[in-house]
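Right, one structure below, let's go through it.
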Amino acid sequence: MAEPGGPDPAVSELQRLVAAEEQRAQFTAQVHNFMDVCWDKCVDKPGSKLDSRTESCLASCVERFIDTTLSITNRFAQIVQKGGH
């Protein structure tokens, strides 16, 4: 049972689960978005196999997306940390 005036552990756990699910949904949306962008940028005509140019383009596009996402995520983490102290 929660302490009077203290946070309810069940509510805190639910909030944590909701936040985790929201992050998962955002990640999935980002993956779909970068797949669309990279596909449109790199694939001229779909076939049964990817040629080396298309494969290289897709790999570079995904790497740029990951690098950019990590950079933005790290920057937000720095901002949150500075705001929390």
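Carbon and sulfur atoms: what percent of the 1.4 Å accessible area of the chain do they account for? Here carbon and sulfur together make up 59 percent of the probe-accessible area.
The alpha carbon centroids of region 10-30 and region 69-84 are separated by 18 Å. Computed over all pairs of different Cα atoms, the Kirkwood value for the hydrodynamic radius of region 1-82 is 16.2 Å.
Run the reach check for residue 41 against aspartates and glutamates, Cα to Cα strictly under 17 Å, same-chain hits fewer than 8 apart removed. What comes back? Excluding near neighbours in sequence, the set is 51, 55, 63. Assuming charge only on the beta carbon of Lys and Arg (+1) and of Asp and Glu (-1), the dipole of the chain about its Cα centre is about 340 debye to the nearest 20. The calculated 222 nm mean residue ellipticity attributable to helices in the chain amounts to -28500 deg cm²/dmol, summing -39500 (n - 2.57) over DSSP H runs of n ≥ 4 and dividing by all residues.
Here the Karplus relation 6.51 cos²θ - 1.76 cosθ + 1.60, evaluated at θ = phi - 60°, turns the backbone of region 10-17 into coupling constants of 5, 5, 4, 5, 4, 5, 5, 5 Hz, with x for every Gly and Pro. Note on the chain: dipole from Cβ charges, positive end direction compared against 61, 33, 11; the farthest Cα belongs to 61.
Helix 52-84 and the long axis of the chain differ in direction by around 20°, with both axes built from C-alpha atoms.
Annotation: residue 55 carries an accessible surface of approximately 110 Å², with a 1.4 Å probe and no ligand, DNA or RNA atoms counted.
The values are calculated or read from the model by the stated rules, or taken from the named source; none is laboratory data. Model, not experiment: these values are computed from the prediction. Heads up, the Cβs are rebuilt from the backbone with ideal geometry, glycines too, and the neighbour counts pull from every protein chain shown. Just the protein is used for accessible areas: all its heavy atoms, side chains included, with ligands, DNA and RNA removed. Shrake-Rupley method; radii C 1.70, N 1.55, O 1.52, S 1.80 Å.
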